[in-house]
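A.B. asks: Provided herewith is a single structure, encoded as structure tokens, for subsequent inquiry.
Values quoted throughout were computed directly from the atomic coordinates according to the rules given, and no laboratory measurement underlies them. These figures come from a predicted structure and were not determined experimentally. Please note: Cβ atoms are built from the backbone with ideal geometry, for glycine as well, and neighbour counts cover all protein chains shown.
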Amino acid sequence: MSRPKAPVERDCRPCTACCDGWVRITVAGHEARPTSPCPHSTGAGCDDYPNRPLDPCVQFICGWRLGGSPLPDWMKPNEARVIVLFGRTQWNGLPVDLAVPVGLKVPPRALDWLKSFARQHGRPLLYTEQVRDAGRFTGEQTVYGFGPPAFQEQAGQWNADGVDW
């Protein structure tokens, strides 16, 4: 009898959405944020990939790369323009997934897919939108909740409290 094979992680390259500051990371003292990517990001990969630090680079695995990910192939962050982080937090004992746009906001096709997934699996969803001032990204995000009304209220409170996702 053969052992079941573990799901294989997908290769992130050439995607650099996490490196380009759409999720909050600090690499060797440099805080990546929209318009200020990791200094090693080429926009098509890492110029020092073999020597990238364990934290956050090696340890960061977005929902698309996660072994056994339910996300379809077209949801690769650089293509779908969204980074999904499964189980980012908990609410009332339920895992809460987070969707962070690669750009201003999560595109409708991806958001519709994520909302359908949330409904089917009973997983509340947080999704963010980048805040801009005078057309420039501020690094701040507005948080929205999809799920039961009480969860949406909680998401509003997290947003009011300035919780950093």
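A.B. asks: In whole angstrom, how far apart do the alpha carbon centroids of region 46-120 and region 122-142 sit?
C.D. replies: 15
A.B. asks: To the nearest 0.05, how large is the calculated FRET efficiency for Glu153 and Glu31 if R₀ is 41 Å and r is the Cβ-Cβ distance?
C.D. replies: With a Förster radius of 41 Å, E is 0.85.
A.B. asks: Region 12-60: percent of C-alpha pairs farther apart than 19 Å?
C.D. replies: The answer is 8 percent, as a whole percent.
A.B. asks: Compute for region 108-151: radius of gyration divided by Kirkwood radius, i.e. Rg/Rh, restricted to C-alpha atoms, rounded to two decimals. Each step should come with its number before you reach the end.
C.D. replies: Values: Rg = 12.9 Å, Rh = 11.8 Å.
Answer for region 108-151: 1.10.
A.B. asks: Let me ask something else about it. Measure off 7 Å from each Cα along the Cα-to-Cβ vector at Arg119 and Val58, then give the distance between these two points in nanometres to one decimal.
C.D. replies: Placing both labels 7 Å beyond Cα along the Cβ direction yields 4.3 nm.
A.B. asks: Now a separate question. I need to check one value: relative contact order of region 46-165, counting alpha carbon pairs closer than 8 Å and at least 6 residues apart, in percent.
C.D. replies: Relative contact order comes out at 15 percent.
A.B. asks: Now for a separate question. Return the calculated 222 nm mean residue ellipticity for the chain, to the nearest 500 deg cm²/dmol, obtained by summing -39500 (n - 2.57) across DSSP H runs with n ≥ 4 and dividing by the residue count. Mind dumping the intermediate values first?
C.D. replies: Numbers: 3 runs with 31 residues, N = 165.
That calculation yields -5500 deg cm²/dmol at 222 nm.
A.B. asks: Further question on the same structure: Along each principal axis of its Cα atoms, how long is the chain end to end? Whole angstroms, biggest number first, please.
C.D. replies: 61, 46, 26
A.B. asks: While we're looking at this one, here's another question. Output the Cα-based Rg and Dmax of region 59-112 in Å, rounding Rg to one decimal and Dmax to a whole number.
C.D. replies: In Å, with Rg to one decimal and Dmax whole: 11.3, 33.
A.B. asks: Give me the extension gain from Asp164 to Tyr49: residue separation times 0.36 nm, minus the current Cα-Cα distance, reported in nm with one decimal. Show your work: numbers first, answer last.
C.D. replies: Numbers: separation 115, 0.36 × 115 = 41.40 nm, distance 2.75 nm.
Using 0.36 nm per residue and subtracting the Cα-Cα distance, I get 38.6 nm.
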